[in-house]
Amino acid sequence: MIINTGGRTDLVHFYSKWLLERFRQGFVYVRNPMYPEKLTKYTLSPDTVDCVIFCSKNYEPILPHLEEITSRFNTYFFYTITAYGKDIEKNIPDIDKSIDTLIKLERIAGKKRIAWRYDPVLLNKKYTVQQHLITFEHMTARLHQHVDTCIFSFVQLYKKLEQNFPQLEAVPQDAREELAKGFGKIAAKYRMKIKICADKTDYSHWGIQREGCVTLDILGKSNDLDFRPLKHTGMRSNCLCIKSNDIGAYDTCPGGCLYCYANTDHKLAEENFRKHKDNSPILTGSIGPMEEISPARQKSFLVNPPPQLLLFE
């Protein structure tokens, strides 16, 4: 199975002590977002986890201890660095500081295990098409020696954003084409592979590939693993990724990004963050006596899984 640490909240940035402790202890409890009274116990062991996926906007807090995980587990890292400032991403480091941190991450994890995410792309009076292209080239010029791949997407208008970011508008198709053309040319200039995420439109004429961000082929090549040829069912509409199991929780990220799909209420997320305990086996809250805990069915995707993993199938 694939463990995901960044789909529901940014564990690396805001909960790194908790995350490291869970890997030290070798297990974690995760509350079902649809049925809160039901919890799943995941065993965090190299014998039961094929690969650990990280997705964060700031790896600085975990870098001093990251080798505790990279030395034991197969890993892959997504580093999200966008064009936005504190007006859009309240508690996120600025562009150049983030790039400096990515370079530090590369020294630990290696270039082939890191992808840069430039998403979501949104437009307003400050962040125009031209401004995106200027910023994207600045970032690509600094990053192309440290990552092979850039992934971008256009912002999606989730229902919850009507309250959190009411002024947000969809990116018009003509602007999408202009951005895709510009991104494609810049990526080609610096010999960086560029892909679009969760989008059905074909931009291949600009050199942009449409494929999954987390595929068994990508994880296999970056970690020298041999995965079985399994169907990639995706995690959302138009997604081409392999299924992963997230150990985070919604409404817990205090990053303050206005476009965030994982928070229904930023104040609630900040409150949950303040209540969090680093030594708890679950990210937020406590486990009551009437709640149901079930072990996860941790089935391997590897051609030759470790003997221990066979016990979980």
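Counting alpha carbon pairs within less than 8 Å and at least 6 residues apart, what relative contact order, in whole percent, applies to the range 1-87?
Once divided by the residue count of the range 1-87, the mean separation gives 35 percent.
Report the per residue volume, in Å³, of the convex hull enclosing the C-alpha atoms of the range 201-258.
Spelled out: Cα convex hull of the range 201-258, divided by residues, is 172 Å³.
Enter the angle in degrees (range 0 to 90, nearest 10) between the Cα long axis of helix 129-143 and the first principal axis of the Cα atoms of the chain, meaning the one along which they spread out most.
Helix 129-143 sits at roughly 60 degrees to that axis.
So for the range 6-162, what are the equivalent ellipsoid semi-axes in whole Å, largest first, each being the square root of 5 times an eigenvalue of the Cα gyration tensor?
29, 21, 13
Show the residues, 5+ positions off or on another chain, whose built amide H is closer than 5 Å to the amide H of Thr264.
Under 5 Å from the amide H of Thr264 lie the amide H atoms of Asp251, each far enough along the sequence or on another chain.
Consider the candidate values (1) 21.7, 71; (2) 19.2, 59; (3) 18.5, 54; state which one is Rg and Dmax of the Cα atoms in Å computed from the structure displayed.
(2)
Compute the separation of the alpha-carbon centres of the range 8-55 and the range 233-263 and state it in Å as a whole number.
14 Å
Working only with C-alpha atoms, what are the Rg and Dmax values of the range 169-213, expressed in angstrom?
When restricted to the Cα atoms of the range 169-213, Rg and Dmax are 10.4, 32 Å.
With respect to the cross-link table entries Lys90/Lys275; Lys86/Lys275; Lys90/Lys195; Lys90/Lys160; Lys90/Lys181; Lys195/Lys243, which display a Cα-Cα separation exceeding 22 Å?
Listed pairs above 22 Å: Lys86/Lys275; Lys90/Lys195; Lys90/Lys181.
Give the relative contact order (percent, whole number) for the chain; include only Cα pairs under 8 Å separated by 6+ residues.
25 percent.
Antiparallel as a % of all DSSP beta bridges within the range 1-87, to the nearest 5?
40 percent
Ignoring any ligand, DNA or RNA, what whole percent of the accessible area of the chain comes from carbon and sulfur when the probe is 1.4 angstrom?
51 percent
Give the cross-link partners of Lys97 among the aspartates and glutamates, using a straight C-alpha distance below 18 Å as the criterion and excluding same-chain residues fewer than 8 apart.
The reachable aspartates and glutamates, counting only those whose Cα sits under 18 Å from Lys97, are Asp10, Glu60, Asp87, Glu89, Glu106, Asp119, Glu137.
Normalising by the residue count of the range 171-313, find the relative contact order in percent from Cα pairs under 8 Å and 6+ residues apart.
Relative CO of the range 171-313 lands at 15 percent.
Taking the DSSP beta bridges in the chain as the whole, what percent of them are antiparallel, to the nearest 5?
The antiparallel fraction comes to roughly 20 percent.
Tell me the per residue accessible area of the range 22-107 using a 1.4 Å probe; a whole number in Å² is fine.
Spelled out: the 1.4 Å probe surface of the range 22-107, per residue, equals 41 Å².
Give the Cα extents of the range 206-313 along the principal axes, in whole Å, largest first.
Cα spread of the range 206-313 along its principal axes, largest to smallest: 47, 42, 23 Å.
Per 5 Å bin, what is the whole-percent P(r) computed from every C-alpha pair distance within the range 20-107?
Percent of pairs per bin, in order: 3, 11, 19, 18, 16, 15, 12, 6, 1.
Return the whole-Å distance between the Cα centroid of the range 181-201 and the Cα centroid of the range 64-131.
Each part reduced to its Cα centre gives a spacing of 17 Å.
Determine the dipole magnitude for the range 105-254: charges of +1 sit on the beta-carbon of Lys and Arg, -1 on that of Asp and Glu, nothing else is charged, the reference point is the Cα centre, and the result goes in debye to the nearest 20.
Rounded to the nearest 20 debye, it is 300 debye.
Give me the dipole magnitude in Debye, nearest 20, for the range 1-158 about the Cα centre, with unit charges on the beta carbon: positive for Lys and Arg, negative for Asp and Glu.
Here the range 1-158 has a charge dipole of around 220 debye.
For the chain, what is the calculated [θ] at 222 nm in deg cm²/dmol (nearest 500), taking -39500 (n - 2.57) for each run of four or more DSSP H residues and dividing by its residue count?
-8000 deg cm²/dmol
Could you state how much accessible area Lys221 has, in square angstrom rounded to the nearest 10, with a 1.4 Å probe and all protein chains kept in place?
140 Å²
The values are calculated or read from the model by the stated rules, or taken from the named source; none is laboratory data. What you see is a predicted model; the values in this text were computed from it and never measured. Note that each Cβ is placed from the backbone with ideal geometry, even for glycine, and that neighbours are counted across all protein chains shown. Keep in mind that these areas ignore ligands, DNA and RNA; they rest on the heavy atoms of the full protein, side chains included. Shrake-Rupley method; radii C 1.70, N 1.55, O 1.52, S 1.80 Å.
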